[in-house]
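Remarks on the structure that follows.
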Amino acid sequence: RTAAAFGLVAVAASASAAQQGPFTGLTGSWSGSGTLVFASGAREALRCRAQYMAREGGDTVRHNLLCASSGDRFEFDAELQHSGGEVTGIWAETTRNVSGNVNGRAAGGRIDATLSSPVFAAGVAVITRGNQQSVLIQAPGSRVQEVKVELRKSR
């Protein structure tokens with residue numbers, strides 16, 4: 001479940017020119033670190049690597065995300081589309097065989113969205129400015145209550 005929520009890094013938006021979609025600046029390699037906050041209050045450091053490929057003028061993005069902490073590892077794939085300010089798509093956390101839908105809004109370098117599946121739901125806020133992303137994921141009722149990550153584009 002944690003991996004599924006964390007995967008929403010994929011919907012990160014970049015500041016875009018008027019004729020480009022919100023995923024235009026994502027293509028390439030990203031990496032960074034963050035913190036998992038468990039329901040118990042415990043915290044654990046997290047490291048992540050992501051690959052993004054934007055298409056269709058930045059209105060579609062495909063990505064792969066690999067994250068690891070001292071006690072866990074997960075891999076996440078997603079395909080997202082943008083149209084008229086709305087973001088929709090599908091995701092799959094391949095190490096746990098969980099998948100679902102993404103629904104949200106994109107505007108001005110920010111995405112607010114929901115990840116859902118029959119067994120999981122999370123709210124996500126992603127802000128991208130140039131080559132930096134800040135991600136906040138909140139999953140009430142889950143073993144991992146919150147994920148905070150800072151990513152940087154490397155190429």
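The values are calculated or read from the model by the stated rules, or taken from the named source; none is laboratory data. None of these values were measured; they are calculated from a predicted model. With ideal geometry, Cβ positions are generated from the backbone for all residues, glycine too; neighbour counts draw on all protein chains shown. Quick note on the areas: whole protein, heavy atoms, side chains included, nothing else; ligands and nucleic acids left out. Shrake-Rupley method; radii C 1.70, N 1.55, O 1.52, S 1.80 Å.
Below, the figures for the structure above:
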item: Distance between modelled label sites at GLU150 and ASP112, nm, 7 Å Cα→Cβ extension; result: 2.4 nm
item: Pair SER70, GLN132: separation of 7 Å Cα→Cβ label points (nm); result: 2.7 nm
item: Gained length - ARG49 relative to ASN101, 0.36 nm times residue gap less alpha-carbon distance; result: 16.5 nm
item: Solvent-accessible surface (1.4 angstrom probe) belonging to GLU146, in square angstrom, nearest 10; result: 40 Å²
item: Computed helical MRE - 222 nm, the chain, DSSP H runs ≥ 4 contributing -39500 (n - 2.57), nearest 500; result: -500 deg cm²/dmol
item: Average accessible area per residue (Å²) across the range 15-133 - probe 1.4 Å, nucleic acids and ligands excluded; result: 49 Å²
item: (i) 1.86; (ii) 0.94; (iii) 1.03, with the label sought being that of the calculated Cα Rg over 2.2 N^0.38 Å; result: (ii)
item: Portion, in percent, of the accessible area of the range 29-155 that falls on carbon or sulfur, probe 1.4 Å; result: 49 percent
